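The values are calculated or read from the model by the stated rules, or taken from the named source; none is laboratory data. Note that the structure is a prediction, hence the values are computed from the model and not measured. Counting neighbours? That spans all protein chains shown, and the Cβs are built from the backbone with ideal geometry, glycine included. Just so you know, the surface numbers come from the protein's heavy atoms only, side chains and all, with ligands and any DNA or RNA stripped out. Shrake-Rupley method; radii C 1.70, N 1.55, O 1.52, S 1.80 Å.
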Amino acid sequence: MNSFAIFSFFVPFLFLFANSLTAQEKSITPPEEFFGFQPGDDRKLFNYEEMIAYLQLLEEQSDKIQLIESGETELGRPMYLCFVSSSNNINQLEELKGINRQLALNYQLEDKERDELIKRGKAFFFMTLSMHSTEVGMSQAAPLIIYELLTSDDPIIEKILENTVYMITPSHNPDGMNMIVEHYKKYLGTKYEGSFMPGVYHKYAGHNINRDFITLLLKENQMVADAYSTEWFPQLMVERHQMGSLGPRYYISPPSDPIAENIQAGLYNWKRIFGSRSITDMTRNGLKGVSVNYHFDFYWPGHTTTGAWKGIIAMLSEAASVRIATPIYIEPNEIRFSGKGLSSNDMSINMPDPWKGGWWRLSDIVEYERVNTISYLHTAAIHKNEILLFRNELTKEEVRRGKESAPFYYILPQKQHDQSEWSDLVNLLMRHGISVFQLTDNMHTNQHRLNEGDIVIPLAQPYRAFIKEIMETQTYPIRTYTLGGPVIQPYDINSWSLPLHRGVNSIEINDADLSIPAEKLQLIQRPFHIEFKKPQDFDGFLLPVNNNHAFKTAFQAKGMGMTVNRLTEEITIDGEKIESGSFYIPLQSGIDQLLNELNFEPVFYNGEIELKTIELSLPRIALVESWFHDMDAGWTRLLLDTYQLPYQVLRPVDLRKDDWINRYDVLLFPDQNATVLRRGRFSPDGIPPPAPTPYTKGIENEGMQNIFSFINKGGKIVSWGRSTDLFLGNQSLDLADGAKEEFRLPVRNIATSLSEQGLSVTGSFLNLNFNTDHHISSGMPESGGVFHRGNPVFATELPVFDMDRRVLATFANKNVLLSGYAVNEELLVNHPALVWTKKGDGELYLFSFSPVFRGSTPATFKLLWNSILPEF
């Protein structure tokens, strides 16, 4: 038979095979057919609802994918977990989840039972996508990756589907995803194409959504943390991001130094295995500029990969950015490196195949994401049994360390300065998957006096590393590149101790001889409530001001139209001192609702002594928030909303008109660059950022005139951090008669001088002494910690004209550093950290620190509330 005859013979079969293949391909809709473009195409983006609709369509068309609604965003959008694996694995998801739980938590598994679970189990690889919404590449790549997993007959893909479960949040920040997509499309084809979106790309946090995985204040992060801490227990995870445009094209594990010392060495070794294989696969696929050990350390917990402290092999990836979906061209001389691990664009062990410049597109990011994802999944498939075994071995080792190595327990005594924060902390620990107990009887030893009702947190449990990390105070690990060389600087903050940041007393038990009998421990279930008995007859109840939630309940009551009073003098009831500033709510409609929601014990009042009070009136509050991704303002809004204190937002340009002056009593200026607020740019001689013109207008001189006019007429300013520079230095005010008043408030910022003397504070908890004679300290201890970055630091001077000043808090005269990392912190001793100053009939409260830092410092919330509220 000649070749033509052979070809003719097989044509019908080839035609049938082609038709069959086409039908098979058509049964699962390709992304480009659904979206109308190939994800990654220049200037093309889909939004969150479109992405979820596509994944739901795939779920209808394939038995290898399942979506599970698992939470909601701060704006109420549904959030999903998406699982992709073999059809058999998808059908057995619940059983596989149970296996994960056993391997993660059961430290008493016998070898035979464990081996059987490992044989049946699968490696769950959890990937969180595009939490920073300008970093669109990860979510845009997801449909292509999932489609490949569902349709490919590549043996590697088949091995992946058999041995692993690909588990993703299609978007970690759906609200922000839509905000960015809408902004990008609005300005597409204009000079503002690819510009930064005015405001924060989230209801509150913006970029700081990635700083919340200890405190878990945001709904999106609660969903993700629940998924890996208490529900699905994946063995692996990667948090996917984009970075600056001018450095490496891609970063993968392992991280740079310093690394967290509470995490077992094996977790870091697994990161290296995954990173080594991935950089090999990516380079083999022609992807240049892939780096390891670059810039990003693994010291601070608070990001999504905080799961590493809970036994997960948790990694980070970063892709070089474009202008959202608009390509960029990079000249070779523009390529530069910052941070740790790389100093030049040359071949090195941390980047063996450099990228030399040229066009960089969204499609490049998508391809790097695709290859990296398949590589990671393939590595997990190859090492499936080892990974599952490692998870259980790590659990057993953590429990062993908890039994044999100090600390053995953390005790949270029931008697606390702030009982409401004690209660909140207990609930937060349980949300993290930590087993928390309450002591059912007194225990007294030579060193410790433990009482019935105290909270006990044993370290002999699977999440020991996390417990120790968040309960102890932080000491930065000093590392250098060379012997005697400069210290490797931290990537982010250096203090996150939950008890310290919340003002909760915690006792670390390092005594190996102290063992608390199991019969004296009662396991607590969520939610934890403070039990108190409401008397049958009472005239009202008092909320001691040392509890943060006293303010929350008072604000809530005012919002319900109830009468709320504040004590003007300290009283004693049944031997308990209740300080001035505490709240009294008389018996009235709505009181039962308040009592049912209290998380601390009130003091019931039946008229036995006279109360001297004034009625609480809530001031009219405006929060000044710039359009420049003002994250501290966002956290402040979250706190105000949580505490139900009404406010309105003003933009800097709004202050140029004077129509606001009579509408508000208090202006809040959160931590923001003063030049951003005043000039609409990041430096005095800089140019406006790439954003539409209406959003780059600052306060300017007209606005400052109105602000000081507002102050002179009795208005109040509460300002903290960098925004305090707005009010310092030489000022002028145009008077009604045409004259000009020139003045300077009797406060100045001396941080530059201290820095020149060697002071350096990189986000640490510092010790202050508070002026307890002033109402701002109502409910505060005599001394306590604040979160500080070393700038500003104040000095006061003799006032003139219609001005005055009082120092309300100073840096302690010893032991300034409570937790974190500081150099030459003794330079801060006795300098003012919080100052009240007067001008005309008005006043200013100037904080050198943020009292609300990322919502993570409840120890200082009372200072903010007292500064806002009228004096009592």
So for the pair Phe682, Ser515, with labels modelled 7 Å out along Cα→Cβ, what separation do we get in nm? 5.8
Each residue of the range 839-844 in turn: what ³J(HN,Hα) in whole Hz from Karplus with 6.51, -1.76, 1.60 and θ = phi - 60°, glycine and Pro shown as x? 8, x, 8, x, 8, 10
Go through 158-166, 81-89 and give me the packing order, highest mean Cβ count within 10 Å leading. 158-166, 81-89
Everything considered on the Cα gyration tensor (a ≥ b ≥ c; rounded for a/c under 1.5, else prolate if a/b is larger than b/c, else oblate), the range 594-660 must be described as oblate
How many percent of the accessible area of the chain is carbon or sulfur, using a 1.4 Å probe? 48
Enter the Cα centre distance for the pair the range 756-792 and the range 254-316, rounded to the nearest angstrom. 35
Quick one: which of 497-509, 698-710 comes out on top by average Cβ neighbours within 10 Å, and what's the full order, highest first? 497-509, 698-710
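How would you classify the range 617-721 from its alpha-carbon gyration tensor, with a ≥ b ≥ c the square roots of the eigenvalues: rounded for a/c under 1.5, else prolate if a/b is greater than b/c, otherwise oblate?
oblate
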Cβ-derived FRET efficiency at R0 51 Å, Ile68 paired with Glu576, nearest 0.05: 0.55
Subtracting the Cα-Cα distance of Thr482 and Tyr329 from 0.36 nm times their residue separation yields 51.4 nm
Considering only protein heavy atoms, what is the solvent-accessible area of Ile382 at a probe of 1.4 Å, reported in Å² to the nearest 10? 70
So for the range 799-872, using the alpha carbon gyration tensor with a ≥ b ≥ c as root eigenvalues (a/c under 1.5 gives rounded; past that, a/b versus b/c decides prolate or oblate), I'd call it oblate
In whole Å, how far is the Cα centre of the range 151-212 from that of the range 444-515? 35
What 222 nm value per residue comes from the helices of the chain, counting each DSSP H run with n ≥ 4 as -39,500 (n - 2.57) and dividing by all residues, nearest 500 deg cm²/dmol? -9500 deg cm²/dmol
Residue-wise, which Karplus ³J(HN,Hα) couplings in Hz belong to the range 745-756, taking 6.51 cos²θ - 1.76 cosθ + 1.60, θ = phi - 60°, and x for glycine or proline? 4, x, 9, 9, 9, 10, 4, 4, 5, 5, 5, 5
For the chain, take the longest principal axis of its alpha carbons; what is the angle in degrees between that and the long axis of helix 419-431, to the nearest 10 within 0 to 90? 0
Which far-off residues, 5 or more places away or on another chain, put their amide H under 5 Å from the one on Leu342, with H placed in the peptide plane? His295
Please find the FRET efficiency linking Asp773 to Gln61, where r is the Cβ-Cβ separation and R0 is fixed at 60 Å, and quote it to the nearest 0.05. 0.25
Per Stokes-Einstein, at 20 °C and 1.002 mPa s, what whole-number D in µm² s⁻¹ belongs to the range 325-388, with the Kirkwood radius over Cα pairs as the hydrodynamic radius? 148
What are the lysines whose alpha-carbon lies under 24 Å from the alpha-carbon of Lys415, with same-chain residues fewer than 8 places away excluded? Lys468, Lys520, Lys533, Lys534, Lys552, Lys577, Lys862
Working from Cα positions, state the angle (0 to 90°, nearest 10) between the long axis of helix 48-61 and the longest principal axis of the chain. 40
Within the range 97-228, how many Lys pairs that are eight or more residues apart, or on different chains, come under 23 Å at the alpha-carbon? 11
For Ser70, other-chain or 5+-apart residues with amide H closer than 5 Å (H placed, Pro excluded) are Met79, Tyr80, Leu81
Qualifying lysines (Cα of each under 22 Å from Cα of Lys356; at least 8 residues distant if same chain): Lys288, Lys340
Can you order the peptides 472-484, 451-463 by their average number of other Cβ atoms within 10 Å per residue, highest first? 451-463, 472-484
Under a straight-distance cross-link criterion of Cα-Cα below 20 Å, which aspartates and glutamates are reachable from Lys697, leaving out those fewer than 8 residues away in the same chain? Glu193, Glu625, Asp630, Asp632, Asp654, Asp658, Asp659, Asp671, Asp685, Asp725
What are the extents of the Cα atoms of the range 406-540 along their three principal axes, in Å, largest first? 71, 39, 27
Per the 1/(1 + (r/R0)^6) rule, R0 = 35 Å and r from the Cβ atoms of Glu261 and Glu597, FRET efficiency to 0.05 is 0.30
Given H placed 1.01 Å from N in the peptide plane, which residues other than close sequence neighbours of Phe604 have an amide H under 5 Å from its amide H? Leu542
The value for the range 164-215 (convex hull of the alpha-carbon atoms, volume per residue, Å³) is 108
Counting every Cα pair in the range 131-245, what percent are over 22 Å apart? 45
How far, in degrees from 0 to 90, does helix 93-105 lean away from the longest principal axis of the Cα atoms of the chain, to the nearest 10? 60
For the range 575-590, in residue order, the Karplus 3J(HN,Hα) values (coefficients 6.51, -1.76, 1.60; θ = phi - 60°; whole Hz; Gly and Pro = x) are x, 9, 7, 10, 7, 4, x, 5, 9, 10, 10, x, 4, 6, 4, x
Could you please tell me the mean projected area of the C-alpha convex hull for the chain, averaged over all directions and given in square nanometres to one decimal? 44.0
Residues of the chain: accessible area per residue with a 1.4 Å probe, Å²: 39
